[in-house]
1. For the subset of the stretch B:353-390 comprising residues that are basic (Lys, Arg) and closer than 21 Å to B:LEU10 by Cβ, which member is surrounded by the most Cβ atoms within 10 Å (Cβ to Cβ)?
2. Please enumerate the residues belonging to the stretch B:216-228 that are more than 23 Å from the chain's Cα centre (by Cα) and open to solvent by less than 10 Å² (accessible area, probe 1.4 Å).
3. Which residue pairs have Cβ atoms closer than 6 Å, lie 6 or more positions apart in sequence or on different chains, and pair a first residue in the stretch B:292-315 that is at the interface with chain A (Cβ under 10 Å from one of its Cβ atoms) with a second residue that is of a type in the set (D, E, K, R) and not in a strand (DSSP E or B)?
4. Within the stretch B:232-285, which residues are open to solvent by 10 Å² or more (accessible area, probe 1.4 Å) and either in contact with a Pro (Cβ under 7 Å, 6 or more places away or on another chain) or of a type in the set (Lys, Arg) (or both)?
5. Where the second residue is buried (at least 18 other Cβ atoms within 10 Å of the Cβ) and assigned to a helix (DSSP H, G or I) and the first is more than 8 Å from chain B (Cβ to nearest Cβ) and of a type outside the set (Asp, Glu) and lies in the stretch A:41-55, which pairs have Cβ atoms under 6 Å and are six or more apart or on separate chains?
6. Determine whether the stretch B:319-334 contains at least one residue that is touching a strand residue (DSSP E or B) at 6+ places or on another chain (Cβ under 9 Å), within 14 Å of another protein chain (Cβ to nearest Cβ) and surrounded by fewer than 18 Cβ atoms within 10 Å (Cβ to Cβ).
7. Just to be sure I understand, how many residues within the stretch B:98-133 are open to solvent by less than 20 Å² (accessible area, probe 1.4 Å), part of a strand (DSSP E or B) and in contact (Cβ under 8 Å) with a residue 24 or more places away in the chain?
Number of protein chains: 2
Amino acid sequence: MKRFEAGKYLDLFRRELLERVIPFWLEHSLDRECGGYFTCLDRDGRVYDTTKFMWLQSRQVWMLSRLYNSLDKNEVWLDAARLGFEFIRKYGRDQSSGRVYFSLARDGRPLSIQRKIFAEVFYVMALNEYSRAAGDREINKEAVEIFEKVIKWAADPAALGRPLLEGQRPSSSLAVPMSILWMAEQLGRGGDEKAFQPFIDNSIKGILLHLKSEKKIVLENVAPDGSLLDGTNGRLINPGHAIEAGWFVLEEARKTGDREVKEKALKMIEWSLEKGWDKEYGGIFYFLDAEDFPSPHLEWFMKLWWPHCEAAYATLLAFRETGDKHFAALFQKVADYAFSRFSDPLYGEWFGYLDRHGMPTHTLKGGAYKGFFHVPRFLLLSIKLLEEIA
Amino acid sequence: MKRFEAGKYLDLFRRELLERVIPFWLEHSLDRECGGYFTCLDRDGRVYDTTKFMWLQSRQVWMLSRLYNSLDKNEVWLDAARLGFEFIRKYGRDQSSGRVYFSLARDGRPLSIQRKIFAEVFYVMALNEYSRAAGDREINKEAVEIFEKVIKWAADPAALGRPLLEGQRPSSSLAVPMSILWMAEQLGRGGDEKAFQPFIDNSIKGILLHLKSEKKIVLENVAPDGSLLDGTNGRLINPGHAIEAGWFVLEEARKTGDREVKEKALKMIEWSLEKGWDKEYGGIFYFLDAEDFPSPHLEWFMKLWWPHCEAAYATLLAFRETGDKHFAALFQKVADYAFSRFSDPLYGEWFGYLDRHGMPTHTLKGGAYKGFFHVPRFLLLSIKLLEEIA
């Protein structure tokens, strides 16, 4: 491999973020009439559904606030963050239970609520980051209060109303320790690191239970003691998710200097990308079965934008932490695939969904799960790293 | 078009059903140790997950019983039906609520329950058809009792525990009147027709609210008065489902001789097949948006086995009812696509999932939603019609 040309990627990523991604969302997603954001945007930004999905409302508040806090004190970004913040603060929670809704009508009236913790997770992230952008620590109190509830709910799977039935074997989903780690890292920023470090340490332990070194895989679901679960659910691999968990852990190991944890995080990234990469057509599969049995997911073979964002940043971080050119080569492979397949040369932003061959199956730029989040987060984090490298 | 060669299809369908479909399931799905059926079967019949999904347990009991009742008094089929019947009777329902579970562990312990009526619908079907096969009318009492509950639940969407939130607009899903029509037709068989006819009439009215003649489409979701709903949900088209509803209604119109209903049923089938057929690569899309906006379903472009089963039978029935060679040509187009793409020449049974180009994406023959149901039902019903035509 030639010398790694950090400057070239830095330039590409800056232009992508500032000229092609942020403008798309600022132009098309802001609902100045009812507040909050439209996220169901077609290729050219046309709104095809006005539902306000709370995951994406909160993620957009977080992302805009983070851009403001860490890249540029751009008042346009802060103003756009405020539009979403005021909307989720006013309409996002059920007043009687305190739960965060999953989706709202355009005007904020509630549509649905899930028996899962993730709407709360993104809400916590949004409030904390926005409180820093707005310079109002008072807002953060609500974030901490919900964080404490999520910790309790995560320890008691029946707490959100899903019945516990006797045939169920207790199971740990990778998403839960990842969410707690992510929230704890966020809430600890700016002075509260010590208070939240035990949650981080505990989450890392939980995440590493999913790493199966003898098979060189990361499983999505394991028993609470880390042992294998039977069947399709126990064999599920979500390579993009495992890679994302890998860089979460790697960033923590970078701070603490824990070499054993660092090695494990690098393995999570390397093995999941190796297992998840489609050797025939390129790109990262959405789901796999650890023993190559059929996936229960119809869309297992599709290439989604976000695993490629996660993998590009994770491999860049791994390169930064190790200096190992193998990771630089992986980064280039993933970034080159992603930019050539997902990035829309005509209207900006990225397509979300490709078939196995890498052709878009959907013209949309946003929907119920794709918003202003994975692409700008990956670009922002990568720009910071590339600045260090270059 | 040449003269329709009913005899050739009759021969093909008989061999497919008796030599390639039924033997696959009898050989691989019967769990003689714990009772019930394995449905997660790989291409060669290997079990890749032992979960017992109640939809598929009940559908297999129904299908085996129906084959026994209407094709051949084969004791092997009745014995296999009994294996499933005894399992679902023993383990299928929650004793406290009376609800039917969604899934069970291999040994019958409960795993999950849905806030939907469909596990009950298939359970009702199974008990009624099996009671006739076993010559035990006592069994049918439980079916009628659950049917009455389902009618109540269908009229009160919050009854199953899903919260009614203030932003929700009341919505009618095509699946609900279809399910009630299907159960009422089943329960009315053999003497009780009159008692169940009002449910059938009412369901047909409910189904026909989804037919939008001005746009030549059938919508999956409409307001209870038939008016259009906003957004992605209101524009959803599931062509296979609409075609299935069409032949349900056409069969009823055939009995009552109602010409207006018959014409509408024919339009449901014709328009949905026209809209749903992939003009570029062939096959029926899984989901579409009525105004061609992006689908919220990742797998919208895939070709699933069951819409092709439904469309082949529906067009054959339409041909039988009208003598219109246009429907014979549609039948041939769908049947030829289905047999050449889904039917597995090596191990029998059909593949379930193809990519847009018609190549299998999964090797499985069964899973959480594909069992011993759509393929044999389509073949059995078609054989009966082809015998009339030939």
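1. Only one residue fits best here, namely B:ARG377.
2. B:ALA223, B:GLY226
3. B:LEU298/A:GLU299; B:GLU299/A:GLU299; B:PHE301/B:ARG356
4. B:THR232, B:ARG235, B:ARG254, B:LYS255, B:ARG259, B:LYS262, B:LYS264, B:LYS267, B:LYS275, B:LYS279, B:PHE285
5. Here the result reads A:LEU41/A:HIS28; A:GLY45/A:HIS28; A:MET54/A:ALA119; A:TRP55/A:PHE122, each pair linking the stretch A:41-55 to a residue that is buried (at least 18 other Cβ atoms within 10 Å of the Cβ) and assigned to a helix (DSSP H, G or I).
6. No, the stretch B:319-334 contains no residue that is touching a strand residue (DSSP E or B) at 6+ places or on another chain (Cβ under 9 Å), within 14 Å of another protein chain (Cβ to nearest Cβ) and surrounded by fewer than 18 Cβ atoms within 10 Å (Cβ to Cβ).
7. Final tally of qualifying residues: 3.
For every residue, the table says whether it meets (1) of a type in the set (Asp, Glu); (2) crowded, with 22+ Cβ neighbours inside 10 Å; (3) free of Cβ contacts under 8 Å to residues at least 60 places away in the same chain.
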| position | (1), (2), (3) |
| --- | --- |
| A:ARG3 | no, no, yes |
| A:LEU12 | no, no, no |
| A:LEU17 | no, no, no |
| A:ARG20 | no, no, no |
| A:PHE24 | no, yes, no |
| A:LEU30 | no, no, yes |
| A:GLY36 | no, yes, no |
| A:THR39 | no, yes, no |
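The values are calculated or read from the model by the stated rules, or taken from the named source; none is laboratory data. As the structure is a computational prediction, the values presented were derived from the model and not from experiment. Cβ sites come from the backbone with ideal geometry, for glycine too, and all protein chains shown count toward neighbours. All accessible areas refer to the heavy atoms of the entire protein, side chains included, with ligands and DNA or RNA removed. Shrake-Rupley method; radii C 1.70, N 1.55, O 1.52, S 1.80 Å.
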